[in-house]
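The values are calculated or read from the model by the stated rules, or taken from the named source; none is laboratory data. Not measured: the values here are computed from a predicted model. All Cβ positions, even for glycine, are placed from backbone atoms using ideal geometry, and neighbour counts span all protein chains on display. In case anyone asks, the SASA skips ligands and DNA or RNA and just uses the protein heavy atoms, side chains included. Shrake-Rupley method; radii C 1.70, N 1.55, O 1.52, S 1.80 Å.
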Amino acid sequence: MAETLVAVTKEAGYAVVQLNRPEVLNAINIALMEQLVTALEKLDAENDVRCIVLTGNEKAFAAGADIKEMADASAMEMLQRDQFARWDRIRKIKKPLIAAVGGFALGGGCELAMTCDIILAAEGAKFGQPEINIGVIPGAGGTQRLTRAVGKYKAMEMVLTGAMLTAEEAKQWGLVVKVVPNEYLLEEAKNLAKLIAAKPPMAVRLAKEAVLKSFDTTIEGGLEFERKNFYMLFASDDQKEGMKAFMEKRKPEWKGK
């Protein structure tokens, strides 16, 4: 029987996905990634789940990749393994992903947090891309997403030296939206998930798509994409309900279609 490396808990309107390799600080190996992607894709397809919280434990969100799996691999073995294909599947999750980061988020752990749409951090959290210290570079998006989050110069410092950011520093540099006491991290993430889950699902989905598109295209292309998504929502029942409820001064009842 396969070890449960990812624990899923469903609550009203949202789900919590917890990495579960505490004995190795949630180091990311192929088996964990496969279970994680499978869980996220399953939740993404469930209508009663409108937002997903991804977390670890107080010691580590994820302290990096499992080096034992790759230390002796050849370049061709790494190419054939195609382990980053699983990361691409996470990028295609349509529902909002909230990373609740406690403890270490290093290497692949930092990259995993950055695949999410919003990052909350506990006071004791630390972020970094220390791959340079073992002779490689970030390979799951670290050089790209970190640069977009904190800018070229800070990203260069972190990637070239392996320097870490504290939770407060990560917030100051724009990587984290909020820092909370360690004991309140999951509660804060759940409250945010509830807030998002209470919004019209199709509008949330298309809003996420539009924001992500800004990283992939020019301002002209992004504006065109945004406007198409805006117009598309006028075909939804929720748009009609939302505007009608606004004019009638009542709370809208979202149907998700």
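Some notes on this structure:
- Filtering LYS68, LYS59 for residues that are modelled with pLDDT of 95 or more and within 15 Å of VAL24 (Cβ to Cβ) leaves a single hit, LYS59.
- Among the residues of the stretch 93-119, those identified as buried (at least 21 other Cβ atoms within 10 Å of the Cβ), touching a Ser or Thr at 6+ places or on another chain (Cβ under 9 Å) and of a type in the set (A, V, I, L, M) are LEU97, ILE98, ALA99, ALA100, VAL101.
- Test result for LYS10, of a type outside the set (Asp, Glu) and either within 17 Å of GLU187 (Cα to Cα) or touching a Gly at 6+ places or on another chain (Cβ under 6 Å) (or both): yes
- Residues that are in a helix (DSSP H, G or I) and open to solvent by less than 60 Å² (accessible area, probe 1.4 Å), drawn from the stretch 191-201: LEU192, ALA193, ILE196, ALA197, PRO201
- Scanning the stretch 185-220 for residues that are in contact (Cβ under 8 Å) with a residue 24 or more places away in the chain and closer than 21 Å to GLY103 by Cβ turns up LEU185, LEU186, GLU188, ALA189, LYS190, LEU192, ALA193.
- Of LYS249, LYS255, all but one fail to be touching an Asp or Glu at 6+ places or on another chain (Cβ under 7 Å), open to solvent by 90 Å² or more (accessible area, probe 1.4 Å) and not in a helix (DSSP H, G or I); the exception is LYS255.
- Number of positions in the stretch 15-59 that are touching a residue at least 60 places away in the same chain (Cβ under 8 Å) and open to solvent by 30 Å² or more (accessible area, probe 1.4 Å): 4
- Criterion (free of Cβ contacts under 8 Å to residues at least 60 places away in the same chain, open to solvent by less than 70 Å² (accessible area, probe 1.4 Å) and not small (Gly, Ala, Ser)) met by exactly one of GLN129, GLN80: GLN129
- Hey, LEU223 over 25 Å from GLY13 (Cβ atoms), in a helix (DSSP H, G or I), open to solvent by 100 Å² or more (accessible area, probe 1.4 Å) and not basic (Lys, Arg) or not: no
- Summed over the stretch 180-190, the residues that are open to solvent by 30 Å² or more (accessible area, probe 1.4 Å) and touching a helix residue (DSSP H, G or I) at 6+ places or on another chain (Cβ under 6 Å) give a count of 0.
- One residue stands out among those in the stretch 142-173 that are under 17 Å from LEU120 (Cβ atoms) and of a type in the set (S, T, N, Q): the one that is least open to solvent (accessible area, probe 1.4 Å), which is THR166.
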